[in-house]
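Every number here is computed from the coordinates shown, using simple stated rules; none is lab data. The shown structure was predicted, so the numbers you read here are calculated from the model rather than taken from an experiment. All Cβ positions, even for glycine, are placed from backbone atoms using ideal geometry, and neighbour counts span all protein chains on display.
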Amino acid sequence: MPLLEVNNLHVQLQTQRGPAEAVRGIGFTLERGETMGIVGESGCGKSITVQSLMGLLPASAEVTGSIRFDGTELVGLPERAMCEIRGNRIGMIFQEPMTALNPVHTIARQVGEPLRLHRGLSNADARKEALALLERVGIPDAAARLDAYPHQFSGGQRQRIGIAMALACGPDLLIADEPTTALDVTIQKQILELIQNLVAERGMALILISHDLGVIAQSVSKMLVMYGGSVVESGPTAAVFAERAHPYTQGLFAARPALGAPRGLKLATIKGSVPELVDLPAGCPFAGRCRFTIDDCHTTRPPPTQMPHNHQVRCIRLDDVIAEGVTA
Ligand SMILES: Nc1ncnc2c1ncn2[C@@H]1O[C@H](COP(=O)(O)OP(=O)(O)OP(=O)(O)O)[C@@H](O)[C@H]1O
Ligand SMILES: [Mg+2]
């Protein structure tokens with residue numbers, strides 16, 4: 001049984017212009033210890049996808065389909081039961097570390113909190129374990145700084161503290177949503193290496209969201225390319241990088257941003273921009289921007305085409321795209 005099995009996941013959000021589908025029938029599986037990346041332009045549904053796994057969507061969101069985590073169905077799971085999984089079996093690292101940290105509590109208390117809550121540790125034991133975690137993530141002089149507050153640390157150190165919190169209960173799955181984008185370029189590399197080392201040493205599965213293809217290439221064994229709430233291409237990282245079979249993936253590679261580029265970036269070299277959710281076309285989400293588009297692309301949701309190496313592409317013009325070869 002895979003650790004995580006997502007099938008036909010749909011997420012409908014309430015927007016100012018009415019209900020809109022932010023995630024449109026995506027699916028993937030993740031084995032224990034397996035690492036997966038999600039790439040795609042701003043607004044394509046990456047964060048909404050992982051928030052649905054964590055049960056962190058707004059209350060008005062409607063989720064359908066299936067998310068099976070270690071045999072438990074998470075769609076429709078009552079909040080009480082979800083709390084048992086969140087922060088315990090699934091840990092999350094956020095883009096902005098202060099999202100996870102509470103400014104008015106000491107770091108010892110915050111890193112120890114999940115251990116008291118989920119593992120029933122005493123205050124003293126939780127403090128001891130928090131110290132070990134903070135040392136492992138590289139907080140200098142951690143023993144002397146246990147009673148310091150988040151604002152007394154640098155951005156990179158705060159992200160390390162956020163990672164210690166996410167790891168506290170020894171989760172089976174770690175989710176990192178743009179974990180390095182808010183940091184200086186030199187710090188980005190250190191944090192990324194820390195995440196990679198921790199994932200390997202603890203045998204955790206990883207879902208890493210990044211708009212940086214270099215980060216994806218280094219960190220994960222397989223990947224999803226998302227556009228308009230759909231997965232347009234997926235497969236082993238090496239196969240997707242070698243083939244770049246979907247015109248959108250080709251566009252992403254051509255527009256590869258410089259290391260350290262800010263999140264929320266729009267890819268200027270792909271003509272047009274991501275359509276508003278409520279305006280997404282019935283057919284291929286990329287049809288409005290793609291140079292291979294024919295009439296059918298606007299009306300038909302492309303079915304997946306299976307390529308070698310468990311690599312899948314959703315494009316009805318695939319033969320013509322491949323005939324042209326990789327352009328980027
Ligand atoms: N709470 C919400 N209510 C309504 N719409 C939302 C809400 N949160 C996100 N959206 C919309 O859902 C779509 C997908 O958002 P999501 O945050 O998943 O994008 P993303 O791929 O993570 O982008 P980014 O790279 O900017 O983080 C966007 O169009 C966004 O505007
Ligand atoms: Mg996001």
Inset, instruction - Evaluate the relative contact order of segment 87-220 (contact order divided by residue number), counting alpha-carbon pairs under 8 angstrom at least 6 apart; express in whole percent. - result: 33 percent
Legend entry - Local electrostatic count at S219 - Lys and Arg +1, Asp and Glu -1, tallied over other residues with Cβ under 13 Å: -2
Inset, instruction - Using the Cα centre as the reference, give the magnitude of the dipole from point charges on the C-beta atoms of segment 87-220 (Lys, Arg: +1; Asp, Glu: -1; all else neutral), rounded to the nearest 20 debye. - result: 380 debye
Inset, instruction - Considering the convex hull of the alpha carbon atoms of segment 26-132, report its projected area averaged over all viewing directions, in nm², one decimal. - result: 8.6 nm²
Inset, instruction - Run the numbers on segment 1-95 and let me know its relative contact order in percent, using alpha-carbon pairs under 8 Å that are six or more apart. - result: 33 percent
Inset, instruction - Using the charge dipole of the chain (Lys, Arg: +1 at Cβ; Asp, Glu: -1 at Cβ; taken about the Cα centre), state which of V278, P171, T237 has its Cα farthest towards the positive end. - result: P171
Legend entry - Mean projected area in nm² (Cα convex hull; one quarter of hull surface) for the chain: 16.7 nm²
Legend entry - Net charge of Cβ neighbours under 13 Å - reference Q250; Lys, Arg +1; Asp, Glu -1: +2
Inset, instruction - Mind telling me which of L134, L318, L224 comes out most flexible in a GNM of the chain, alpha-carbon contacts under 10 Å? - result: L318
Legend entry - Highest-MSF residue in the chain out of T181, T29, T49 [GNM, Cα springs under 10 Å]: T29
Inset, instruction - Taking the Cβ of L77 as the centre, find all other residues whose Cβ is under 14 Å away and add up their charges (Lys, Arg: +1; Asp, Glu: -1). - result: 0
Legend entry - Extension reserve of the A323-A143 stretch, reckoned as 0.36 nm per residue once the Cα distance is removed: 58.8 nm
Inset, instruction - Would you please classify the overall shape of segment 126-169 from the alpha carbon gyration tensor, given that a ≥ b ≥ c denote the square roots of the eigenvalues, rounded means a/c under 1.5, and beyond that prolate means a/b larger than b/c while oblate covers the rest? - result: oblate
Legend entry - Gap separating the Cα centres of segment 66-117 and segment 167-224, nearest whole Å: 17 Å
Legend entry - Karplus-derived HN-Hα couplings along segment 5-19 (A = 6.51, B = -1.76, C = 1.60, θ = phi - 60°), whole Hz, x at Gly and Pro: 9, 10, 10, 6, 7, 10, 10, 9, 10, 8, 10, 4, 9, x, x
Inset, instruction - Tell me the label-point distance for the pair R256, M98, using the 7 Å Cα-to-Cβ offset, in nm and rounded to one decimal. - result: 3.4 nm
